[in-house]
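The values are calculated or read from the model by the stated rules, or taken from the named source; none is laboratory data. As the structure is a prediction and not an experimental result, all values here were calculated from the model. Here the Cβ positions follow ideal geometry from the backbone for every residue, glycine too, while neighbour counts run over all protein chains shown. With ligands, DNA and RNA removed, areas are computed over all heavy atoms of the protein, side chains included. Shrake-Rupley method; radii C 1.70, N 1.55, O 1.52, S 1.80 Å.
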Amino acid sequence: MANRRRVKKPLPAEPVKVTIESLAHDGRGVAHVDGKVIFIDEALPGEEVEFVYTESRKDYAEGKVVKLLSRAADRVDALCAHYGVCGGCSFQHVESAAQIRIKQDLLVDQFKRIGKTEIPELWQPLEGPHWGYRSKARMGVKYVEKKNRVLVGFRERRHPYLAEIESCVVMNPIVGTRLMALSEMIGGLTIRDKIPQIEVAIGDQQCVLSFRVLEPPTSADKERMREFGHRHGISVCLQSKGPDTIVPLDGEPEVIPTYALPDLGLEFKFKPAMFTQVNYEINRQMINRVLETLALNENDSVLDLFCGLGNFTLPMAKFAGRVVGVEGDQPLVNHAKENARHNGIENVEFYAADLSKDISDQPWANRKYNKIMLDPSRAGASEVLHHFKKWQPEQIVYVSCNPSTLARDAGILVNELGYKLIKAGVMDMFPQTGHVESIALFEK
């Protein structure tokens, strides 16, 4: 008998009235209808809302608010006209202090539920600018023939299409206020339909936009892009393939973005596609918190895992006897070495190694370290944690962009490796979004 494709039942069209019970980890409101959990965009605990279904699966459903029947005290009006359509933000409807409180509550809950451990003391949250803070982004570009317009920005919420937006209030204004100018400039190129994305890299003083081009631009295209860059004080680059193919327009100087840590007399150079923290103000506060916590001196030997371009390594080397930085991406390691030279720091070593694999044969892995700093990707650091038995650090500072994997790894450190969780807290790296940046301290 031939396989029959199951026909998806149409979603109920009529709005449904519910009271929001709690918040999910991504900031959506949680309610129940006929025993099924519903995740509802832009709904806050205690609110009575009418919603319509946007998705229905076996175990859960999703929806969006069509009418607010009661309003939570923490609710505010979104600043951005595109909020709710653009998927770049998910928390603009929540008052700023409440955003931090929600993220802190989430962190505490994840440690209990996933890590099976309690946070004994919460750090004071680190706060910075709520708007215009974002210095790194990958923006989508799409020429829409029906509208005869180039869209520049981020994808729609829960859809693969680019949102039709005119500005972005969380992006640094040098780019966030110029999306329409970018759209107009690209719309006049012969390759307007051959540019899928723009890599945004903004330093303290510099802005570099790298245009991914699927076909080479003509001489006239290049002139149009050059003129745009000169008019707006932006360095325009072309990217024909991978990140290592990013080059300035013919005859233009290569602009290397930099960010500084003035208190420490450090300056970091980075290439446009390299990972850096998106919020420089929070990054400075975060580094200061790590330094205060570790209280380093010349007797300390520190291992910095997932070190990137040396964001924590070089500040720690200002105070410690020796610091070893390890990172999986060779170009980042090369750049970290260059940043050490640039800042005249000699008591550091950098190594490239995949920290999710066996590292027991690496020379740096067979030394002793009394303090360890780690700042992994969203996947966390579970694979490398068993090496801590050999290193036996007395202090571990863990910075994370994913509270779920931090909680999981905290469980390993506390329940399997015998460390004590001293304190943890959130850092407001991504205001107006559901992303949670956090930090935890463990000691033997």
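If I ask for residues that are open to solvent by less than 10 Å² (accessible area, probe 1.4 Å) and either under 20 Å from the mean Cα position of the chain (by Cα) or among the hydrophobic types (A, V, I, L, M, F, W, C) (or both), which ones from segment 323-336 would you list?
Kept after step one, since they are open to solvent by less than 10 Å² (accessible area, probe 1.4 Å), are these residues of segment 323-336: 323-326, 333, 336.
The answer is VAL323, VAL324, VAL326, VAL333, ALA336.
Restricting attention to segment 67-86, which residues are open to solvent by less than 40 Å² (accessible area, probe 1.4 Å) and in contact (Cβ under 8 Å) with a residue 24 or more places away in the chain?
Matches in segment 67-86: ALA72, ARG75, CYS80, HIS82, GLY84, CYS86.
Of the numbered conditions (1) part of a loop (DSSP other than H, G, I, E, B); (2) in contact with a Ser or Thr (Cβ under 6 Å, 6 or more places away or on another chain); (3) open to solvent by 10 Å² or more (accessible area, probe 1.4 Å), GLU383 fails exactly one; give the number of that condition.
Every condition holds for GLU383 apart from (1).
Please tell me if ASN311 is buried (at least 22 other Cβ atoms within 10 Å of the Cβ) and under 21 Å from GLY132 (Cα atoms). Talk me through it step by step, then tell me what you get.
Details: buried (at least 22 other Cβ atoms within 10 Å of the Cβ): yes; under 21 Å from GLY132 (Cα atoms): no.
Spelling it out, it is not the case that ASN311 is buried (at least 22 other Cβ atoms within 10 Å of the Cβ) and under 21 Å from GLY132 (Cα atoms).
When residues of segment 386-424 are filtered for being of a type in the set (S, T, N, Q) and surrounded by fewer than 17 Cβ atoms within 10 Å (Cβ to Cβ), how many remain? Outline the logic, then answer.
Of all residues in segment 386-424, those of a type in the set (S, T, N, Q) come to 392, 395, 400, 402, 404-405, 415.
Okay, now just the ones that are also surrounded by fewer than 17 Cβ atoms within 10 Å (Cβ to Cβ), so 392, 415.
Matching residues across segment 386-424 total 2.
Which number in (1) at pLDDT 95 or above; (2) under 26 Å from the mean Cα position of the chain (by Cα); (3) surrounded by fewer than 16 Cβ atoms within 10 Å (Cβ to Cβ) marks the one condition that THR190 misses?
(2)
Inspect all residues belonging to segment 150-172 and state whether any of them is in contact (Cβ under 8 Å) with a residue 60 or more places away in the chain, in contact with a helix residue (DSSP H, G or I) (Cβ under 7 Å, 6 or more places away or on another chain), in a loop (DSSP other than H, G, I, E, B) and surrounded by fewer than 20 Cβ atoms within 10 Å (Cβ to Cβ).
yes
Would you mind finding the one in ASN288, ASN339, ASN283, ASN297 that is open to solvent by 30 Å² or more (accessible area, probe 1.4 Å), in contact with a Leu (Cβ under 9 Å, 6 or more places away or on another chain), of a type outside the set (D, E, K, R) and not in a strand (DSSP E or B)?
Going through ASN288, ASN339, ASN283, ASN297 in turn, the sole match is ASN288.
Is it the case, given these coordinates, that VAL144 is under 23 Å from ILE246 (Cβ atoms) and of a type in the set (Val, Ile, Thr)?
Values: under 23 Å from ILE246 (Cβ atoms): no; of a type in the set (Val, Ile, Thr): yes.
Considered against the rule, which asks whether it is under 23 Å from ILE246 (Cβ atoms) and of a type in the set (Val, Ile, Thr), VAL144 comes out as no.
Could you list, in sequence order, the residues of segment 434-444 that are open to solvent by 10 Å² or more (accessible area, probe 1.4 Å) and not in a strand (DSSP E or B)?
Once the filter is applied, which keeps residues that are open to solvent by 10 Å² or more (accessible area, probe 1.4 Å) and not in a strand (DSSP E or B), segment 434-444 yields GLY434, HIS435, LYS444.
Check VAL208, VAL200 and return the single one that is out of contact with any Asp or Glu (no Cβ under 9 Å at 6 or more places or on another chain), at pLDDT 95 or above and buried (at least 21 other Cβ atoms within 10 Å of the Cβ). Even if it seems obvious, please write down each step before you answer.
On the way: VAL208 fails: out of contact with any Asp or Glu (no Cβ under 9 Å at 6 or more places or on another chain).
One residue alone meets the criteria, VAL200.
I'd like to check something: does segment 212-231 contain any residue that is open to solvent by less than 60 Å² (accessible area, probe 1.4 Å) and within 26 Å of ALA340 (Cα to Cα)?
Within segment 212-231, none of the residues are open to solvent by less than 60 Å² (accessible area, probe 1.4 Å) and within 26 Å of ALA340 (Cα to Cα).
Going through segment 1-20 one residue at a time, which ones are open to solvent by less than 100 Å² (accessible area, probe 1.4 Å) and at pLDDT 75 or above? Talk me through it step by step, then tell me what you get.
To start, the set of residues in segment 1-20 that are open to solvent by less than 100 Å² (accessible area, probe 1.4 Å) comprises 2, 11-13, 15-16, 18-20.
Those that are open to solvent by less than 100 Å² (accessible area, probe 1.4 Å) and at pLDDT 75 or above: LEU11, PRO12, ALA13, PRO15, VAL16, VAL18, THR19, ILE20.
Need pairs with beta-carbon distance below 7 Å; first residue free of Cβ contacts under 8 Å to residues at least 60 places away in the same chain and within segment 363-377, second among the small types (Gly, Ala, Ser); sequence gap 6+ or separate chains.
none
Using the structure shown, decide if VAL175 is buried (at least 18 other Cβ atoms within 10 Å of the Cβ), in a helix (DSSP H, G or I) and within 20 Å of the chain's Cα centre (by Cα).
Numbers: buried (at least 18 other Cβ atoms within 10 Å of the Cβ): yes; in a helix (DSSP H, G or I): yes; within 20 Å of the chain's Cα centre (by Cα): yes.
So VAL175 fits the description; yes.
Being open to solvent by 50 Å² or more (accessible area, probe 1.4 Å) and part of a loop (DSSP other than H, G, I, E, B) is the filter; apply it to segment 43-66 and report the residue that is farthest from VAL170 (Cα to Cα).
Across segment 43-66, the extreme among qualifying residues is LYS58.
Every residue, every condition in (1) open to solvent by less than 10 Å² (accessible area, probe 1.4 Å); (2) touching a helix residue (DSSP H, G or I) at 6+ places or on another chain (Cβ under 9 Å); (3) over 28 Å from TRP364 (Cα atoms); (4) at pLDDT 95 or above, yes or no:
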| site | (1), (2), (3), (4) |
| --- | --- |
| LEU238 | no, yes, yes, yes |
| THR245 | no, no, yes, yes |
| VAL255 | no, no, yes, yes |
| GLY321 | no, no, no, yes |
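Within segment 342-371, which residues are aliphatic (A, V, I, L, M), surrounded by 17 or more Cβ atoms within 10 Å (Cβ to Cβ) and touching a helix residue (DSSP H, G or I) at 6+ places or on another chain (Cβ under 7 Å)?
The answer is ILE345, VAL348, LEU355, ILE359.
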